[in-house]
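Structure first, commentary second.
The values are calculated or read from the model by the stated rules, or taken from the named source; none is laboratory data. Bear in mind the structure is a predicted one, so any value in this text is a computation, not a measurement. Positions of Cβ are generated from backbone atoms using ideal geometry, with glycine treated the same way; all protein chains shown enter the neighbour counts. Accessible surface is based on the protein model in full, side chains and every heavy atom, while ligands, DNA and RNA are left aside. Shrake-Rupley method; radii C 1.70, N 1.55, O 1.52, S 1.80 Å.
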Amino acid sequence: MSEKRTTNAKQPECLSMTGYAQARHEKHGWAVRVTVKSVNHRFLDVKMRLPEGFDLYDLRLRQIVRERIHRGHLEIYVNAEPGTAAPVQVNKELAQAYLRAAESLMRGTRA
């Protein structure tokens, strides 16, 4: 007995639930990397590992996953760390002027 399936034209039918994906994004001084591994499974089984302090996002992330994926075993890893900082440039003339002013204050004289 064959089963006829209809699919939404906007979303192509998923032929395999086995896969791997990784994405990285930097914003507001933070770099976030999300890694997702999936294998075929009869039911939806989500295992999520979040960084310390990100536990409050667990339920919302699971809800987003459930809205888009209905079966499979998923391992989702989220890593967040401070992003790359802009290089520091020192104004040497200004620093030397501050140093002379501080030395002058220590001697009790005017610069």
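Points worth noting:
- Among the residues of this structure, Arg100 counts as one that is on the phi < 0 side of the Ramachandran plot and at pLDDT below 95.
- Scanning the range 54-70 for residues that are open to solvent by less than 100 Å² (accessible area, probe 1.4 Å) and touching a strand residue (DSSP E or B) at 6+ places or on another chain (Cβ under 9 Å) yields Phe54, Asp58, Leu61, Arg62, Val65, Ile69.
- Subset of the range 56-86 (residues that are closer than 18 Å to Val32 by Cβ and among the β-branched types (Val, Ile, Thr)): Ile64, Val65, Ile76, Val78, Thr84
- Leading residue by the ranking (nearest to His70 (Cα to Cα)) among those in the range 28-53 that are over 9 Å from the mean Cα position of the chain (by Cα) and open to solvent by 80 Å² or more (accessible area, probe 1.4 Å): Phe43
- Candidates are the residues of the range 77-97 that are at pLDDT 90 or above and of a type in the set (Gly, Ala, Ser); the one that is least open to solvent (accessible area, probe 1.4 Å) is Ala80.
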